[in-house]
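Trainee: Handing you this structure, nothing more for now.
The values are calculated or read from the model by the stated rules, or taken from the named source; none is laboratory data. Nothing here was measured: the structure is a model prediction, and the numbers come from that model. Methodologically, a virtual Cβ is constructed for each residue, glycine included, from the backbone with ideal geometry; neighbour enumeration extends over all protein chains shown. Side chains included, ligands, DNA and RNA excluded: accessible areas come from the protein's heavy atoms. Shrake-Rupley method; radii C 1.70, N 1.55, O 1.52, S 1.80 Å.
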Amino acid sequence: MNETMTDTSLRDHIAGLLTRYPALEPSEREELITFIKSGPAIDRGMLKGDPTHAAAIRRVEADHPEQFRLGIARQLLVAAAIVLPFFAICWLAWEVGAK
C-alpha cells in the first residue's frame, strides 16, 4: 500500500511540473525530462493517457529533441534485435529444407 502512495505522489508531482511547464527551474526541467525518458512505465502511461498532460509531454519532447533521440549504440542494438532473429529463422528454414 505504501508503494502505491509513493507512486501516486510521484505522478502527482510530475503532473504539477507538466502543468507549470515551461516556467520551471532548470533542476525541475531536468527532473521532468528524466521522468519522461525513464520513469515508471505505468506512471508515464497514465500521464500520456490524460489529454492535458499528453499535450504537455509532447511539448517537452518537441522542445528538447536531443534528450529523446536514440544514440548510435541503441540504434545498433535495435537493428541487431530485429535482424538477428530474422537471419536465425532463415538459417533454420534452410537447414530444415536441406534435409
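Trainee: Between 0 and 90 degrees, rounded to the nearest ten: what's the tilt of helix 72-98 against the longest Cα principal axis of the chain?
Mentor: In the chain, helix 72-98 runs at an angle near 30 degrees to the longest axis.
Trainee: For the chain, report the accessible area per residue in Å² (1.4 Å probe, heavy atoms, rounded to an integer).
Mentor: 73
Trainee: Could you tell me how far the Cα centroid of the stretch 14-37 sits from the Cα centroid of the stretch 44-99, in Å?
Mentor: 25
Trainee: I would also like to ask the following. If you plug each phi of the stretch 41-46 into the Karplus form 6.51 cos²θ - 1.76 cosθ + 1.60 with θ = phi - 60°, what whole-Hz ³J(HN,Hα) values come out, in order, with x for Gly and Pro?
Mentor: For the stretch 41-46, the Karplus curve yields 4, 5, 5, 4, x, 5 Hz.
Trainee: Further question: For a quick size check, give me the Cα extents of the chain along its three principal axes, largest first, whole Å.
Mentor: Per principal axis, max minus min of the Cα coordinates gives 66, 36, 23 Å.
Trainee: With unit charges on the beta carbon (Lys/Arg positive, Asp/Glu negative), name the residue among F68, A88, S38 whose Cα is farthest towards the positive pole of the charge dipole of the stretch 7-99.
Mentor: Going by the Cα projections, it comes out as A88.
Trainee: Give me the percent of accessible area attributable to carbon and sulfur for the chain, probe 1.4 angstrom.
Mentor: 65
Trainee: Now for a separate question. How would you rank 51-57, 88-94, highest first, on the average number of other Cβ atoms within 10 Å across their residues?
Mentor: Averaged packing, sorted descending, gives the order 51-57, 88-94.
Trainee: Report, in deg cm²/dmol and to the nearest 500, the calculated mean residue ellipticity at 222 nm for the chain, where each DSSP H run with n ≥ 4 adds -39500 (n - 2.57) and the sum is divided by the residue count. Provide the component values of the computation, followed by the final result.
Mentor: On the way: 6 runs with 85 residues, N = 99.
Mean residue ellipticity, 222 nm, calculated: -28000 deg cm²/dmol.
Trainee: Okay, next question. Tell me the angle of helix 51-63 to the major Cα principal axis of the chain, expressed in degrees between 0 and 90 and rounded to the nearest ten.
Mentor: Between the helix axis and the principal axis of the chain, the angle is about 70 degrees.
Trainee: How long are the semi-axes of the equivalent ellipsoid of the stretch 42-99, taking √(5λ) for every eigenvalue λ of the Cα gyration tensor, in whole Å from largest down?
Mentor: They are 41, 16, 7 Å, listed largest first.
Trainee: Continuing with this model, one more query. Quick check for you: which residues of the stretch 29-48 have the amide N under 11 Å from the point 7 Å beyond the Cα of Q67 toward its beta carbon?
Mentor: Under cut-off, by backbone N: 29-38.
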